[in-house]
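Since the structure comes first, as structure tokens, the remarks are kept for the end.
The values are calculated or read from the model by the stated rules, or taken from the named source; none is laboratory data. As the structure is a computational prediction, the values presented were derived from the model and not from experiment. We place every Cβ from the backbone using ideal geometry, glycine too, and count neighbours over all the protein chains shown.
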Amino acid sequence: MTETLAVTHDGERRRFVLAIDRDRSGFLDYRPIGDGVWDLTYTFVPRQDRGSGIGRSLVLHVLDRARERGLKVVPTCGFVATVIDENPEYQDLVAAGGRDD
């Protein structure tokens, strides 16, 4: 995927939203737990956009935001856990005890 997609943070809904086009978007929901930890709970990408790398780009964007803010994450969402496993440079973001390894 070569294009840059716009991701916005909806703090009120605790969601990062990725605009795919005017009528479609994906999102990643989170919930703050404890001090400085985000539980990444659910990722959604419209069916017709799955497999295109959009979801992976969204997860990586959120992980980069967490790093910038000095936060840790709990990858409750299986897709988020998979992306972290495939990108070990993000392992340091996983909160201690935050995974059932």
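Residue-wise test of (1) out of contact with any Phe, Trp or Tyr (no Cβ under 9 Å at 6 or more places or on another chain); (2) surrounded by fewer than 15 Cβ atoms within 10 Å (Cβ to Cβ); (3) part of a helix (DSSP H, G or I).
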{"residue": "VAL7", "(1), (2), (3)": "no, no, no"}
{"residue": "VAL17", "(1), (2), (3)": "no, no, no"}
{"residue": "THR43", "(1), (2), (3)": "no, no, no"}
{"residue": "GLY55", "(1), (2), (3)": "no, no, yes"}
{"residue": "HIS61", "(1), (2), (3)": "no, no, yes"}
{"residue": "ALA81", "(1), (2), (3)": "yes, no, yes"}
{"residue": "GLU89", "(1), (2), (3)": "yes, yes, yes"}
{"residue": "GLY97", "(1), (2), (3)": "yes, yes, no"}
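Name the single residue that is surrounded by the fewest Cβ atoms within 10 Å (Cβ to Cβ) among those in the stretch 30-41 being assigned to a strand (DSSP E or B) and touching a Leu at 6+ places or on another chain (Cβ under 8 Å). Break it down into steps so the answer makes sense when it comes.
Within the stretch 30-41, the subset assigned to a strand (DSSP E or B) is 30-32, 37-41.
After this cut, where a residue has to be touching a Leu at 6+ places or on another chain (Cβ under 8 Å) as well, the list is 30, 37-38, 40.
Working: TYR30: 24, VAL37: 19, TRP38: 24, LEU40: 26.
Per the stated criteria, the residue is VAL37.
Does GLY70 count as touching a Gly at 6+ places or on another chain (Cβ under 8 Å), buried (at least 16 other Cβ atoms within 10 Å of the Cβ) and either at pLDDT below 95 or part of a loop (DSSP other than H, G, I, E, B) (or both)? First the steps, then the outcome.
Numbers: touching a Gly at 6+ places or on another chain (Cβ under 8 Å): yes; buried (at least 16 other Cβ atoms within 10 Å of the Cβ): no; either at pLDDT below 95 or part of a loop (DSSP other than H, G, I, E, B) (or both): yes.
Taking the combined requirement at face value, the residue does not satisfy it.
Looking at (1) within 20 Å of VAL7 (Cβ to Cβ); (2) in contact with a Lys or Arg (Cβ under 6 Å, 6 or more places away or on another chain), which is the one condition that is false for ALA95?
Checking ALA95 against (1) within 20 Å of VAL7 (Cβ to Cβ); (2) in contact with a Lys or Arg (Cβ under 6 Å, 6 or more places away or on another chain), the one that fails is (1).
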